[in-house]
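Values quoted throughout were computed directly from the atomic coordinates according to the rules given, and no laboratory measurement underlies them. Not measured: the values here are computed from a predicted model. Glycine gets a Cβ as well: all are built from the backbone with ideal geometry, and neighbour counts include every protein chain shown.
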């Protein structure tokens, strides 16, 4: 790896992520160049290779490749299942470029585009009823939006960093790069609890973009792992990882940049084991299953 550039005040460094007890954000910093990941942070063998026998190990099968916005620094991805059932809600990051919009995955057409102020760094998104919540990285607030227009209707303070966000009917789950998910009231965004996440008894950290899925086996949370091609499937009742998905076979056709990593997973309603996958400034959106 090349030498790390001197970080700017708002810059997240991957070296701090690996060496400090203070984890930093899932997102890149301001439009100065983000330091490259520390050696071994990206491109190592998947966690699936070393997962214990009682942890399911899965790969990715690609069924379709669609066009995606190569300028979108994807931080949140969700099918609007409570709306038209087909459009994607996309939240992006990077200071000066953060926005939220609705996307028709079949045509690539964007609508209801709302940029954030230049000092805000957008993060995960989730719809709950008539509200779409959008996180910010270190701005200390969550943005409340009208679910139909995506227009902002208010903001609430948030303790700690915002990374990924997903919703079940009665609760929101937020990641902050640690091994703990914070539970939020979907109406007020008040924190109502925490859920430690473990893999074979050890903390599973660097949890990034999230997707909450109700399955016949119960509630599951899918989590991208920051700076890797791993996706964890987490039992939302116990917090235990029950599957590790190796997504290293999914092509990354983004311009070469250490920031342009896998980040974005959305379950497709009405189709068991069908998901959209993409990444930060990826030109492709994949329809996949986990096998």
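Each residue, residue 219 and residue 152, gets one label point 7 Å from its Cα in the Cβ direction; the gap between the two is 3.0 nm. Fewest-first ordering of 100, 231 by other beta carbons within 10 Å of each residue's beta carbon gives 100, 231. Computed over segment 53-290, the convex hull of the alpha-carbon atoms projects to a mean area of 11.6 nm². Counting every other Cβ atom within 10 Å of each residue's Cβ, 68, 73, 101 order from fewest to most as 101, 73, 68. Expressed in Å, the radius of gyration and Dmax of the Cα atoms of segment 73-143 are 11.7, 35.
Could you line up 98, 289 from fewest to most neighbouring Cβ atoms inside 10 Å? Please report the intermediate quantities before stating the final value.
Working: 98 26, 289 16.
Starting with the residue having the fewest Cβ neighbours, the order is 289, 98.
The protection proxy used here, the mean number of other Cβ atoms lying within 10 Å of each residue, ranks peptides 236-242, 192-198, 178-184 as follows, highest first: 178-184, 236-242, 192-198. Its residues counted as N, segment 161-252 yields a C-alpha radius of gyration over 2.2 N^0.38 Å of 1.03.
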